[in-house]
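As structure tokens, the structure follows; a few thoughts come after it.
Computed from the coordinates by the stated procedures, all read-outs in this text should not be read as laboratory data. Predicted model, so just to flag it, every value in this text is computed and none were measured. Virtual Cβ from ideal backbone geometry, glycine too; neighbours counted across all protein chains shown.
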């Protein structure tokens with residue numbers, strides 16, 4: 001090379017290692033590529049063997065087409081593939097793999113063994129490699145199909161190997177890949193062996209419902225609704241869970257496009273819109289969606305790992321998915337009013353009545369002017385009208401429940417320093433939703449759901465801050481199956497969860513026995529609660545205090561327990577809620593930041609009526 005030449009062609013060894021950096025991130029990446037090759041080879045049975053979290057061994061054996069000797073040698077060359085031949089094929093990809101990089105990348109950073117035989121051949125071929133170099137090629141007796149063994153991943157790239165996580169973490173990622181592809185292809189049988197122990201054995205020829213039941217046994221048929229909708233050449237099938245089975249992240253949202261598992265942000269956003277008004281913004285439903293469309297209308301050649309896809313008509317895909325989900329949820333009455341189960345605790349009778357008055361699962365969006373901050377004067381104001389003859393004076397006790405004279409009942413008592421009024425008069429409920437209050441300096445609209453959320457939230461949080469985390473034993477202990485990554489997090493933080501009031505013990509594999517819950521969550525679903533705690537712990541670990549760790553969960557519990565929108569409340573229930581809201585530390589917003597009160601002063605009203 002001339003001394004002044006700075007550009008040169010990389011060797012095949014270096015190029016393969018660069019490709020490995022894109023394709024092979026961890027043992028789970030290896031498993032993904034090998035399973036895809038097996039599925040593309042029309043395998044009906046795939047057996048997987050893992051040792052030491054994939055660090056020592058990732059092996060995949062299938063009963064697919066197999067390869068000839070020449071094809072086996074070509075398969076480990078970069079950009080060698082049987083999936084496509086020319087540019088038109090690239091525009092209509094119907095296979096999971098097509099780039100011709102996987103085996104070349106994997107074999108360049110591991111000790112690699114491939115053994116394959118076609119059904120028509122009497123003898124198979126065995127190929128042994130290390131660090132991208134072929135060490136031996138020989139005839140071998142083996143069953144028809146292909147088996148690949150990848151040992152000591154990154155043995156020749158120490159910098160990459162040290163970035164691998166613990167054995168348990170890598171195993172959790174491997175199991176997630178296994179579950180995803182087993183779910184995507186229920187007609188294919190799968191076996192999973194971990195450290196010489198058979199963990200999963202899924203029979204071939206299964207339906208999606210059978211495979212879903214095998215892998216997600218915690219989901220009862222009554223919890224799911226079937227999706228089956230077709231529009232404009234796009235078919236959407238699968239199942240979606242009712243809004244009650246939500247979680248704090250998207251871990252259990254599975255999207256398959258022409259059989260290919262993918263993240264598909266566009267589909268995720270469509271799912272969110274499909275559940276619009278049924279879930280708070282920070283909750284995500286459990287969904288299994290299969291999208292089938294012409295391969296020419298979707299581009300899977302976006303990223304080397306084929307993790308993302310692009311649609312030719314994203315708007316049409318989005319609308320189809322939204323319609324499919326809404327149609328599925330509407331079939332059973334997911335929008336039908338449901339009774340909210342009350343949370344336990346020492347609650348006034350009015351609270352129990354409020355919690356039982358739920359008539360809708362939706363949350364209204366407040367968009368009215370005049371949101372707090374509120375500083376309400378405590379003294380007499382020139383703009384304040386004289387109280388009516390039947391209204392008690394400021395500081396007077398509340399009329400006992402059942403003895404208030406019509407809707408113009410009065411609610412005032414011993415108020416906290418943060419109370420937004422010195423006195424108020426309840427005028428009634430409008431729109432079957434908002435409560436109208438007259439205060440000493442104006443008019444206030446109260447959202448009962450947001451107000452009740454604030455009351456319950458502060459009550460629960462006070463218990464946490466005072467270190468009085470009480471547990472409530474379950475009448476019948478529950479066994480909870482978690483996804484591999486959630487189970488790993490729960491297992492790591494078992495003692496912390498016990499300190500937070502959970503009665504929890506391992507039951508083997510990814511299963512736990514729950515016999516007690518923190519008292520403010522005793523009516524919550526144990527599985528949903530543990531999954532949410534796993535999502536929080538995975539993000540913040542143990543660095544935050546117990547109160548802060550459970551803060552969002554308490555807010556969600558308060559939201560579920562609070563009176564729902566469009567609930568018709570009795571006057572005594574409204575009185576009790578107004579009284580309790582006035583006694584909170586922050587009466588102006590719910591735990592999620594929505595306003596509980598919207599105030600308009602008499603001075604503002606006078607301006608609007610031209611009296612100033």
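Going by neighbour counts of Cβ atoms within 10 Å, the residues 588, 312, 275 line up, fewest first, as 312, 588, 275.
Taking other Cβ within 10 Å of each residue's Cβ, how do 173, 152 sort, fewest first?
Details: 173 22, 152 16.
Going from sparsest to densest Cβ surroundings: 152, 173.
Quick one: in the range 168-225, what % of C-alpha pairs are over 12 Å apart? Value for the range 168-225 (Cα pairs over 12 Å): 69 percent. Shown is the FRET efficiency for residue 168 and residue 7, computed with R0 = 41 Å from the Cβ-Cβ distance and rounded to the nearest 0.05: 0.35. With a cut-off of 13 Å on the backbone N, the residues of the range 203-236 near the modelled label site 7 Å out from residue 323 along Cα-Cβ are 228-236.
Extension gain for residue 312-residue 140 works out to 57.3 nm (0.36 nm per residue, less the C-alpha to C-alpha distance). Between residue 187 and residue 73, the modelled label-to-label distance comes to 3.5 nm, taking each label 7 Å out from Cα in the direction of the beta carbon.
Looking at the range 216-332, send over the antiparallel percent of its DSSP beta bridges, to the nearest 5.
Numbers: 21 of 26 bridges.
Given both bridge residues lie in the range 216-332, the antiparallel proportion sits at roughly 80 percent.
Can you sort 325, 430, 134 by how many other beta carbons sit within 10 Å, fewest first? The partial results should precede the final answer.
Numbers: 325 27, 430 10, 134 13.
With the fewest neighbours first, 325, 430, 134 line up as 430, 134, 325.
For residue 42 and residue 466, a Förster radius of 51 Å and the Cβ-Cβ distance give a FRET efficiency of 0.20, rounded to the nearest 0.05.
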